[in-house]
Structures are given as C-alpha cells and as structure tokens.
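Below: the structure, in structure tokens.
The values are calculated or read from the model by the stated rules, or taken from the named source; none is laboratory data. Quantities reported herein were computed from a predicted structural model and do not represent experimental measurements. Glycine also receives a Cβ, built like all others from the backbone with ideal geometry; neighbour counts cover every protein chain displayed. Keep in mind that these areas ignore ligands, DNA and RNA; they rest on the heavy atoms of the full protein, side chains included. Shrake-Rupley method; radii C 1.70, N 1.55, O 1.52, S 1.80 Å.
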Amino acid sequence: MEDRIIVEWLKKESDKGISALMNHYGGLLVYMAKNIGIVDKEDLEECIGDVLFHVWRKIRRYDEKKSSFKTWLVLLAKGCITDYVRKKRKLLATVPIESILNIEGPKRKEDYLDVLELLQKLPPEYGEVFYRRFVLGESVEHIASVMRLSAVNVYKRIQRGREKLKEFMEREES
Amino acid sequence: MDRHLDRFTEKTDPKNYSVEDQLKSAAVRKAKRKIQRYRIVQGVKSVAAILLLVSLLSVFIPGSPVNALCKRIFSFIPGIGVVENEENGIPVKVLAEPVTRRVGKEYVTIGTVVLQGNRITVYVKTNVGLSDITGKDLLKFHSGEINPKLSILYGETKIASVSSILTGADPADGTYSLTAYYDLPEEVSRQDRITFALDGFEQELTVALTEAFTGSELEDMGNFAVMGNIHVFAHMTREGRTVRLQLSTIAPKDIRNIRFAPYSDEKDVFSESVRIMDSEGHTYLPDQDSAQKNHAERNTFYFSIPEDKDHLTVFVPYVFYKRSLEKEFKMKMPKEGRTTDIREAFDLGDHTVTVKSAALVPKGSSVLPEDFNEYPCIRMDFDAKKILPESLEYVLRVDPTFDVRKGLLGKYTGVSQSAYEEKWDLEEQSGSVFVHLTGMEEYKDLSFRLNVDFVWISEVEIKPE
C-alpha cells in the first residue's frame, strides 16, 4: 500500500488509517519497540497503540517536503517508544541521541521530529549507522555484521556522527 | 535540503518485519480507544479554556499578589554560581558541600544538587566503569555504549532520570561528568535528604539539602565586580591549604562562552592571570596541578594558600567572551588571484566590525598558515573600530561559518569546513581568517554568519565574603 493513501486515510478516516498503518508498518514498529527493550506482550500492545494514536494526532504536521512518510513515522515512533519506556521506568531515560544534541534531552516525543532535519543532513557514511543504532535501536554487533564493519568501526562512526550533529546543532543555535 | 535519512529508511522494507495478528488487532483496538478518549477530552477542554482565561486576567491587575512575585529573584548555587531563579517565589534547595564515596579505585562525587520545584538537577563526577580505562572503553563511552545510570532511591522506589548527559572522559583516570535531571513526585521533593545510587557502584550516597542563598537584588548575592556588561561574582571555599575559587557571571543573553583564563595560544598577549592577594600583600597564582587533579571546570581556579592567611582579595584581569551576529552575508566564491571587495559593516558589542574583502588563496601559497598549506582557502579580511572610544572591549578574532548553495535554485546548506582564525593585534584591531570548505571548487554561491571573540581588559578586585 502506498504511503500517500495511508496519510490521506489518517487525515480523513481515522479507523481505516490506523488499521492500514498497522498492517503495513506494524512489524517494523514492533521490531523497534523490542530493540529498545519492550518484551512484555501487554506492554508491546499498549506501546504500539500509543504510537498509532500519536501518528494520528500529529499527521497534520507531517510535511512531505522535509522527509518521506516512513522517515517521519520512524522518528515519531522512536519518540513514543522511548517515552513509553520512561513512563514504565523499565529503562532509564538516557538515550544517546540526547547527549549528542547537548541538551537536556528530548522530553516530549515531538522533539524527535525536531531533529529530523538535522538527521537528514548527516552524511551517509555516518547516517546509516546512526539510523540503525538510534532510530531502529539495533545492537552494535548486529550493525557491524549487516554493514560488514568491525564493532570498533561502528563505534567510531557513531562518535563522528555525534560530533557532526553537534556541529549542525551549534550552527543552528548560532 | 539534504535527505540522507530518507535514503536509509527507503532501504528498510516493512514487509521484512512480521507481527502476530493478535498483537496487531490489540494495538489497533487500543489506539482507537485512545482516539475516542482524546476527542472527548478536547470537547471538555474548550469549555475549560474560557473559564481559565477569566481567572488569568486577574493576574495582570497591578498590585495583585501574583504581580508582586514577578520580580526577579537571584540565587547563589554552589558549583554553578549566581543564577536568575525562574521558579519565582519557590525556594531553591541546594547541596551545601560536595559528597564523595570511594570503593577501591572507583569513586563518585556528587558536586552539585539543585532542587527547583519538583525538578532536581544533579552534577556528578565519577570514574565508575572506567577506572581501568582503555582506548576501547573511551570509544564505547563516546559512542554512548558505556552509560551508567544514576537513580534516586525513595523507600522501595527507584526514580529514574528524565534525562542524563555524560561528558568526559579523562584518558588518565577515566573521570567523567554526569548531569542528570529528575522530575520528583511531590512527597520526594519535600525531603531535605536525597539518596542516590549509581549502577555498578556498591555504595549509596545520601546528601542533605539546604535552602539556597536567595535575594531580589544582585548585591544580596555578595561582592561582585562589573566588567563591561558582565557582573562577576567570586565564591571561595577553603580546605586546608587548598582554596577553590569559582567565578560566576550574570551577563546579557547575547554574550556567550565567558571565560577568565586565556587559551594557550593567547598567553603571549594575556600573560596576567586571575590571582589572590592576602592581607599582607602576598600574591598567589592558580595551582594547575591541583586544578587538574580536581578536574576543575572552566572558571574554577585552585590556589595553595597557608591556612593562617586571611582577608583574601581576588583580582580578575580580563574576561573573554563571544557574540554572534544574527545577519547572514551572501557572496560569490572569489576567483583565484582576485580580491572581492565586500565592505560590509555591522555593530556588535562596543564595535563596528567591517568585513573588508575575500580572496581565494591557492594551495601551496606562502600566505597560507602551515596546517592549511595543502588546501585552497578563502581568505577574509576584517577590521573593527570602537563605537565608544572609552570602551575597554577589544576584538580578539572573527570566526565565520559558511553555507553553500548546491545548484542554481538550491537552498544554502551547511558544509564541512575548517578555519584558521588569526588572533588580532589589540592596537591595530584587524585580522584575517582562512577557511577551507570540503569540495569548495564545486560551489559558486556562499553565505556566511559571524561569531566574534572579544576580550574586556580592565582589572577588577573582589573580596569574597
């Protein structure tokens, strides 16, 4: 199913849109939630329900000029899942992306969307590692094997990516 | 606009990730219920908003009790300095003295705790998890993989931080800083003793909080001196011969990166340093070893002064700071061998700074600084004139940040760049910058913004209480 149709349904017919979103992206959302540490079945249902609800609530803020729907979705989902985990206090709040941005850390799920433009700018050599680690929540070992890199190399790219993001952020501030 | 992230998400095919039907339908059911509840709440809220507006209007009636509270309140917070307290009227609680616990080679020092309302901020120095530091540990630390969590314990409850930031780590002993923020339940925020636990460290740390020194006038905060637009406060603590001096400031928002010590490449011009004099006229200079051992923050100085010496006076010779210009300048990439006249002037601080010209310097040119010799660079020339001749502010350097336009109709976007900013002569007040942009031969249209480093030169003395 095309993203365009899902977006349209979410805007006009919530029930249809929510179901279409779950049918198409449900597996990916569950994969992200599990990677971030949600294993309990009831928690998974509740958390993914939260994600779907927030996608519906925020859909009018989606801007196709800034990103694809899939990018927007995974970033908002990342914020919702992290938020859910915080509420449940099963995991503490330190998400590495927060220290990259050198701010108190996204406190609201919407804040993850605020960094969308910065992440879009991240050069490809760091961007993929970053996307896998901090958005999809994949382990360093998994990323190393998929991208055929050593674990040390993955750490290095994460570090450089963080520096780059910090630079973008400072430039935006100045 | 770059859309690199889209390229990766594009590669993520949702069909490769499966989900059980039962989970699918349960999540959809829950989402629909949330939407239903949300719609009901929104309906109720619109009625409530009208009632709230009526009550809020009374706040703005002059002389009302709420209006009286809108006065600025300042607090002195050990470890942070003087701050403007945004939580008007609510007493701020702080940790009076740092607390340290050691287990073997590992230690945890809670340096500062600030409780404002229900929000508590904690600054910790520790080497837990990094006491036997290796290069790999450093990498893991910087990539966020080593990430111990600091929690607050309250009875059986473990309160996690809303967020925490790790910085450091010192390759010598693994010391790093941890700043954590917590939103406390009301019953916890009313306590005067707070207990912390750090993952991987056996001991718990209990600290006692006291009310911060608060006042509505700056004078209430103790002695201070004024350097230009910056109020400088000195706070001193003594332990045996060791004197810890913390300089803190209140300054307009456009002044950033305030520091009192010159960088190493500035010491040839700024050879004086913050110093202390006792009542007999003996002068004491900062003790670098002690500062290093204590992992001193910027603007904190350590001195070694005999315990019997008193009535200490602090002398501060300079203050360094940065200001940014909001304006964006546009220019064409200069042609090799030609100088583009820019002649754009702007006022910043007590100065009118002029962007004089730009030129493209080919690689290998003898004009280029040593480290930039292998790259072509844009050379930019600036000068500055004081608006107020009596001002003691000087321009130290100018630091441009370039954006480039890709394609004819493209937007200006960031580009990787390195710059050599010449330190300005204080008399002549002019200087150059050499900037290399990655792939610069591809770009024709450039824009840049400017940060300017200033120094205020006028020695002041402060007698800390």
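Rounded to the nearest 500, what is chain B's calculated 222 nm mean residue ellipticity when only DSSP H runs of at least 4 contribute -39500 (n - 2.57) each, over all residues?
-4500 deg cm²/dmol
For the cross-link pairs A:Lys11/A:Lys58; A:Lys16/B:Lys34; A:Lys11/A:Lys121; B:Lys11/B:Lys136; A:Lys58/A:Lys121, which exceed 19 Å when the distance is taken from alpha carbon to alpha carbon?
The answer is A:Lys11/A:Lys121; B:Lys11/B:Lys136; A:Lys58/A:Lys121.
Specify whether the C-alpha gyration tensor of region B:110-269 places it in the rounded, prolate or oblate class, a ≥ b ≥ c being the square roots of the eigenvalues: rounded for a/c under 1.5, otherwise prolate if a/b is larger than b/c and oblate if not.
Oblate, since a/c reaches 1.5 and b/c is not below a/b.
Restricting the calculation to Cα positions, tell me the Rg (one decimal) and the Dmax (whole number) of region B:324-457 in Å.
When restricted to Cα atoms, region B:324-457 yields Rg and Dmax of 15.0, 48 Å.
Report the full-extension gain for the segment B:Tyr154 to B:Ala345: residue separation times 0.36 nm, less the Cα-Cα distance, to one decimal in nm.
Length gained between B:Tyr154 and B:Ala345: 62.9 nm.
When only Cα pairs under 8 Å and 6 or more residues apart are kept, what is the percent relative contact order across region B:151-302?
Dividing the mean separation by the residue count of region B:151-302 yields 13 percent.
What are the residues whose amide H is under 5 Å from the amide H of B:Leu396, where those residues sit 5 or more places off or on another chain and H is modelled from the backbone?
Under 5 Å from the amide H of B:Leu396: B:Asp453, B:Phe454, B:Val455.
How long, wide and thick is region B:334-408, going by the Cα atoms along their three principal axes, in whole angstroms, largest first?
Largest first, region B:334-408 extends 42, 34, 20 Å along its Cα principal axes.
For region B:324-457, what is the charge dipole size about the Cα centre, in debye to the nearest 20, if Lys and Arg each add +1 at the Cβ and Asp and Glu each add -1 at the Cβ?
So the dipole magnitude of region B:324-457 works out to roughly 740 debye.
Compare the Cα positions of B:Gly168, B:Ala197, B:Ala212 along the charge dipole of region B:161-215 (+1 at Cβ of Lys, Arg; -1 at Cβ of Asp, Glu; about the Cα centre) and return the one farthest towards the positive end.
Working it through, the farthest residue towards the positive pole turns out to be B:Ala212.
Over region B:324-457, with every protein chain in place, what whole percent of the accessible area is carbon and sulfur at 1.4 Å, could you tell me?
47
Name the residues whose placed amide hydrogens come within less than 5 Å of the amide hydrogen of B:Asp445, ignoring near sequence neighbours (fewer than 5 apart) on the same chain.
HN-HN under 5 Å from B:Asp445: B:Met333, B:Arg405.
Give the residue from A:Trp56, A:Ser68, A:Leu28 lying farthest towards the positive end of the charge dipole for region A:3-92; charges sit on Cβ (+1 for Lys and Arg, -1 for Asp and Glu) and the dipole is referred to the Cα centre.
A:Ser68
Taking the alpha-carbon distance from A:Lys41 and a cut-off under 16 Å, which lysines remain once sequence neighbours fewer than 8 residues away in the same chain are dropped?
A:Lys88, A:Lys90, B:Lys24, B:Lys30
Measuring from label point to label point, each 7 Å out along Cα→Cβ, what is the B:Asn294 to B:Glu336 span in nm?
Calculated label separation equals 5.5 nm.
What are the lysines whose alpha-carbon lies under 22 Å from the alpha-carbon of B:Lys93, with same-chain residues fewer than 8 places away excluded?
Straight-distance partners of B:Lys93: B:Lys71, B:Lys125, B:Lys158.
At a Förster radius of 45 Å, what calculated FRET efficiency corresponds to the Cβ-Cβ distance of B:Ser357 and B:Leu388, to the nearest 0.05?
Calculated transfer efficiency: 0.95.
What aspartates and glutamates could a cross-link reach from B:Lys327, if we take a straight Cα to Cα line under 15 Å and drop same-chain neighbours fewer than 8 places away?
A:Glu172, A:Glu173, B:Asp254, B:Glu344, B:Asp347, B:Asp399, B:Asp403
Enter the buried accessible area of the B/A pair, total of both sides, probe 1.4 Å, in Å² rounded to the nearest 100.
The summed interface area works out to 5800 Å².
Return the distance in nm (one decimal) between the two label points of a simple spin-label model at B:Val367 and B:Asp278, each offset 7 Å from Cα along Cα→Cβ.
Here the answer is 5.6 nm between the modelled labels.
Evaluate the charge dipole of chain B about its Cα centre and quote only its size in Debye, nearest 20, assuming +1 on the Cβ of each Lys and Arg and -1 on the Cβ of each Asp and Glu.
2840
Would you rank A:His24, B:His311, A:His54 by solvent-accessible area, highest first, keeping every protein chain in place and using a 1.4 Å probe?
Heavy-atom accessible area, descending, gives B:His311, A:His24, A:His54.
Give me the dipole magnitude in Debye, nearest 20, for region A:3-92 about the Cα centre, with unit charges on the beta carbon: positive for Lys and Arg, negative for Asp and Glu.
400
Can you list the residues, at least 5 places off or on another chain, whose amide H is less than 5 Å from the amide H of B:Val128, using H built in the peptide plane?
Distant-sequence amide H within range of B:Val128: B:Tyr107.
Which whole-Hz couplings ³J(HN,Hα) result when phi for each residue of region B:282-290 is put into the Karplus expression 6.51 cos²θ - 1.76 cosθ + 1.60, θ = phi - 60°, listed in order with x for Gly and Pro?
6, 9, 10, 9, x, 9, 5, 4, 5
So, in nm, how far is label B:Arg193 from label B:Val226 when the simple model puts each one 7 Å beyond its Cα toward the Cβ?
4.6
From the protein chains alone at 1.4 Å, what is the descending order of accessible area for B:Trp424, A:Trp56, largest first?
A:Trp56, B:Trp424
With helices defined as uninterrupted DSSP H runs, which ones in chain B have an alpha carbon span along their own long axis of at least 30 Å and mean Kyte-Doolittle hydropathy of at least 0.0?
Answer set is B:21-57.
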